[in-house]
Amino acid sequence: MTDTLVRRALVVGTAARWGAALEGAWAVPAVRQGTWGSGLILVGSLTPAFLPEDNAFDHIWLLRQLQFGAGRVLATALLLLGVFILLRAWLRLHPRDDGVDVSRATLALWGLPLLLAPPLFSSDAYSYAAQGRIVHQGFDPYSVGPGLIGGQFGEQVDPLWLWTPAPYGPLALQIQHFVVDLMQSNPYASAVGMRLPAVAALVVIATLLPRIATALGRDARFALWLGVLNPLTVLHLLGGAHNDVMMIALVVLALWLATQRRLVLASLAVALAASVKQPAIVAVVAVGLLCAPAAPRSRQGSWTRERLVHVGLASGVAAGGFALITALSGLGYGWLGAMHVPGEVRTYLAPSTALGSLLEFLMTLTGHRVGAGYAVPAVRAVGLLVCAGIVGWLVVRKAPRQPVTALVAIFLAIVVLAPSLHPWYVLWGGLLLGLTSVDRARLRAATWLTVLFACYGVIDFSVHNGLVAFGVSGGLALLWLATGHDRELVHLADLGPRRLPRPGLVRSEGRVAKESADVDADAAPRDAPARRSA
């Protein structure tokens, strides 16, 4: 009886707090505008560009008008307008000493309309549903593609991926299997249902990211604004339901546990993250370094014996955890043979693929047709070698002094130099960027890239609604720039993040050393939580 009353009181208290938070967030004009923008995105997404060919909206008179001709063009225009409104609202929420507060309730308000939308700016969620169905039927997802099961599950999948095996980790595939079962094997509901783990992951990120920022001496509100409330997070990780958000959430969990000196638990969190998407394994370096004892001041930027031991332990626990998860999943290591799948389709956002394709075109143009076929693979190989060199340098030189900053840079290096790049990939490191020292130049680059990738998604998918819709969306984007709506972006980017009080505090060997807040980002403050004195 008492336990029931306590649980009921906790539920009522939580609901009251969230109600007050939502009411407070809604009182902010920029939050309301962003919510209206999400609503326009919802309406604009109800077109063949995002919906499967056989969908229930085709039987509703008003929504059926968006499936054809002028309705598709209008929907595309509404979609782009909604994205612009969301971008402007995000920029206006930039946390300043004289600005409005940033809260997790804002993410809830902006994300709520998108929960009702079809998967946005990517058909990956349809592939997830098909892969979950493949596991449900007892086939090996690392050997067969969605085309094998046919039906609406297969018809929803982009033809480019219809006969390709799954490249994801075993945990991701079992989560997809769980969602398909939860949705009683309904094809469309299964795809939309992939937002359930995405929502859970965003809750973890929104809860722990500010705590990590505080532990590292960063601005928690700025980290929340730049990462969690970022339109790319809202549109791609929530709207697109990409499993990348689960990987990022588990990396965030690992970093938070590492700031609490929980080496084993943090390493197991890395194993879980790598079981979703394999690149997360690089987080073991940051976990080990955050858990290691403080080095003498003279060796702050060096690899000490204690640091090597802790990173080695983290790596061993993560490897063992990954092996255990793989064994429990029953899916094996077939992903090793499917790692080439993302690169099978040329994505010209990837620099190595774009450069290789240009070289291939020039060689073909000049009559070197035999060698032209090797241009893209060769440039991609060079890109991977450069990536390996950069990652090695970051681990050796940057990680001992700033492990979290090094992790962010490693993720971004992998994303930029890999053969395949999609807008949501940049969030591997971009969502964690607020945990590092972000100067004006980096903030300006982050805000412009956010606008670029957000608009790219709309314009790219508008092609599915016809060339007229593509032209309208591109024209509206240019009009937005020509009429000066980007001035606020430049103005806000120049402000930079809110500075911490001067002088900054840097802890080393249990002693507090004062350091000017104006020093170079490599020297202040370290990516390590404060050590408690004995």
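Odds and ends about this structure:
- Each residue in segment 130-143 was checked for being in a loop (DSSP other than H, G, I, E, B) and surrounded by 17 or more Cβ atoms within 10 Å (Cβ to Cβ), and 2 pass.
- Failed item, numbered, when Tyr168 is tested on (1) under 19 Å from the mean Cα position of the chain (by Cα); (2) assigned to a helix (DSSP H, G or I): (2)
- The listed residue being more than 14 Å from Phe121 (Cβ to Cβ) and either assigned to a helix (DSSP H, G or I) or modelled with pLDDT under 85 (or both), out of Ile410, Ile459: Ile410
- Residues that are open to solvent by 100 Å² or more (accessible area, probe 1.4 Å) and farther than 25 Å from Thr76 by Cα were ranked within segment 12-39; the one that is modelled with the lowest pLDDT is Trp18.
- Number of the condition not met by Leu265 [criteria: (1) over 15 Å from Phe411 (Cβ atoms); (2) in contact (Cβ under 8 Å) with a residue 12 or more places away in the chain]: (2)
- All conditions but one from (1) without any contact (Cβ under 8 Å) to a residue 40 or more places away in the chain; (2) open to solvent by less than 40 Å² (accessible area, probe 1.4 Å); (3) over 30 Å from Val376 (Cα atoms) apply to Ser437; the one that does not is (1).
- Single match in Leu232, Leu253 (criterion: aliphatic (A, V, I, L, M) and open to solvent by 10 Å² or more (accessible area, probe 1.4 Å)): Leu253
- Residues of segment 134-163 that are hydroxyl-bearing (Ser, Thr, Tyr) and free of Cβ contacts under 8 Å to residues at least 60 places away in the same chain: none at all.
- Looking only at segment 155-165, and only at residues there that are of a type outside the set (A, V, I, L, M, F, W, C) and within 26 Å of the chain's Cα centre (by Cα), the one that is most open to solvent (accessible area, probe 1.4 Å): Pro159
- In segment 242-267, the residues that are assigned to a loop (DSSP other than H, G, I, E, B) and either at positive phi or of a type in the set (Phe, Trp, Tyr) (or both): Arg261
- Against the list (1) part of a loop (DSSP other than H, G, I, E, B); (2) open to solvent by less than 50 Å² (accessible area, probe 1.4 Å); (3) within 21 Å of Val426 (Cβ to Cβ), the condition Cys387 fails is (1).
- Residue that is surrounded by the most Cβ atoms within 10 Å (Cβ to Cβ), among those in segment 177-212 that are without any contact (Cβ under 8 Å) to a residue 60 or more places away in the chain and closer than 13 Å to Gln131 by Cα: Val180
- Filter pass, Glu306 being closer than 30 Å to Gln174 by Cβ, charged (D, E, K, R) and open to solvent by 30 Å² or more (accessible area, probe 1.4 Å): no
Here is a yes/no grid of residues against (1) out of contact with any helix residue (DSSP H, G or I) (no Cβ under 8 Å at 6 or more places or on another chain); (2) under 19 Å from Ala258 (Cβ atoms):
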site: Thr304; (1), (2): yes, yes
site: Leu308; (1), (2): yes, yes
site: Gly312; (1), (2): no, yes
site: Ala319; (1), (2): no, yes
site: Ser329; (1), (2): no, no
site: Tyr333; (1), (2): no, no
site: His340; (1), (2): yes, no
site: Thr347; (1), (2): no, no
site: Thr353; (1), (2): no, no
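- Note on segment 206-241: among residues that are in a helix (DSSP H, G or I) and polar (S, T, N, Q), the one that is nearest to Gly39 (Cα to Cα) is Thr233.
- Among the residues of segment 360-379, those that are over 16 Å from Pro419 (Cβ atoms) and either part of a helix (DSSP H, G or I) or touching a strand residue (DSSP E or B) at 6+ places or on another chain (Cβ under 9 Å) (or both) comprise Phe361, Leu362, Met363, Thr364, Leu365, Arg369, Val370, Gly371, Ala372.
- Flag if Gln174 is in a helix (DSSP H, G or I) and out of contact with any strand residue (DSSP E or B) (no Cβ under 6 Å at 6 or more places or on another chain): yes
- Single match in Ala354, Ala399, Ala372 (criterion: buried (at least 17 other Cβ atoms within 10 Å of the Cβ), touching a Phe, Trp or Tyr at 6+ places or on another chain (Cβ under 9 Å) and more than 30 Å from Leu290 (Cβ to Cβ)): Ala372
- Verdict on Ala406 being open to solvent by less than 50 Å² (accessible area, probe 1.4 Å), touching a Leu at 6+ places or on another chain (Cβ under 8 Å), among the hydrophobic types (A, V, I, L, M, F, W, C) and over 17 Å from Trp428 (Cα atoms): no
- Tabulated pairs, segment 70-89, first without any contact (Cβ under 8 Å) to a residue 60 or more places away in the chain and under 12 Å from Leu46 (Cα atoms), second open to solvent by 10 Å² or more (accessible area, probe 1.4 Å) and not hydroxyl-bearing (Ser, Thr, Tyr), C-beta under 6 angstrom, 6+ apart or interchain: Gly71/Gln65; Leu78/Leu40; Leu78/Val43
- Close Cβ contacts (under 6 Å, 6 or more residues apart or on different chains) running from residues in segment 109-130 that are under 14 Å from Leu51 (Cα atoms) and modelled with pLDDT under 90 to residues that are part of a loop (DSSP other than H, G, I, E, B) and open to solvent by 10 Å² or more (accessible area, probe 1.4 Å) comprise Ser123/Asp158.
- In the set Ser267, Ser329, Ser275, only one residue is under 29 Å from Pro141 (Cα atoms) and over 21 Å from the mean Cα position of the chain (by Cα); that residue is Ser329.
The values are calculated or read from the model by the stated rules, or taken from the named source; none is laboratory data. A quick note: this is a predicted structure, and the numbers were derived from the prediction, not measured. Counting neighbours? That spans all protein chains shown, and the Cβs are built from the backbone with ideal geometry, glycine included. Quick note on the areas: whole protein, heavy atoms, side chains included, nothing else; ligands and nucleic acids left out. Shrake-Rupley method; radii C 1.70, N 1.55, O 1.52, S 1.80 Å.
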